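**Student:** I'd like to ask some things about the structure below.
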Amino acid sequence: MKETYTASLGEGVVPRPLMMPLVRGDLVGLVWVRPLKVGQDALAGIVKLASSA
């Protein structure tokens with residue numbers, strides 16, 4: 001995942017934030033933030049994703 005993010009940023013693409021929940025060290029899923037618009041919508045979307053934690 002880190003390599004994908006790094007490559008995307010190098011191409012000028014900003015990947016959507018995500019969470020990778022672990023249970024006893026095992027990955028159990030991926031949760032991406034909804035599509036965002038620049039500005040306050042991005043802030044609201046990230047806050048909503050964070051509240052899922």
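The values are calculated or read from the model by the stated rules, or taken from the named source; none is laboratory data. Bear in mind that the values here come from a model prediction, so they are computed numbers and not experimental data. Positions of Cβ are generated from backbone atoms using ideal geometry, with glycine treated the same way; all protein chains shown enter the neighbour counts. With ligands, DNA and RNA removed, areas are computed over all heavy atoms of the protein, side chains included. Shrake-Rupley method; radii C 1.70, N 1.55, O 1.52, S 1.80 Å.
**Student:** Stokes-Einstein diffusion coefficient for the chain at 25 °C in a medium of 0.890 mPa s, Rh from the Kirkwood formula over Cα pairs: what value in µm²/s?
**Tutor:** The calculation lands on 198 µm²/s.
**Student:** Next question, about the same structure. Taking only C-alpha pairs under 8 Å that are 6+ residues apart, what is the relative contact order of the chain in percent?
**Tutor:** 23
**Student:** Residue by residue through the range 14-28, what is 3J(HN,Hα) from phi via Karplus (6.51 cos²θ - 1.76 cosθ + 1.60, θ = phi - 60°)? Round to whole Hz and write x for glycine and proline.
**Tutor:** Once rounded to whole Hz, the list reads 9, x, 5, x, 8, 10, 10, x, 10, 10, 6, x, 9, 5, 10.
**Student:** Accessible area of the chain with a 1.4 Å probe: how many percent of it is carbon plus sulfur?
**Tutor:** 62
**Student:** Next up: Tell me the trypsin sites (Lys or Arg not before Pro) within the chain that lie in a loop according to DSSP and have at most 14 other beta-carbon atoms within 10 Å.
**Tutor:** R24, K37
**Student:** Could you give the length gained on full extension between V13 and A42, defined as 0.36 nm per residue of separation minus the Cα-Cα distance, in nm?
**Tutor:** That works out to 8.9 nm of additional length.
**Student:** Given a 10 angstrom Cα cut-off, can you work out which residue in V33, V13, V23 is the most mobile in a GNM of the chain?
**Tutor:** V23
**Student:** Within the range 1-34, what residues put their amide N at less than 19 Å from the label point 7 Å along the Cα-to-Cβ vector of A50?
**Tutor:** Answer for this model: 15-21, 31-34.
**Student:** With the other protein chains left in place, how much accessible area per residue, in square angstrom, belongs to the range 6-53 at a 1.4 angstrom probe?
**Tutor:** Accessible surface, normalised per residue, equals 80 Å².
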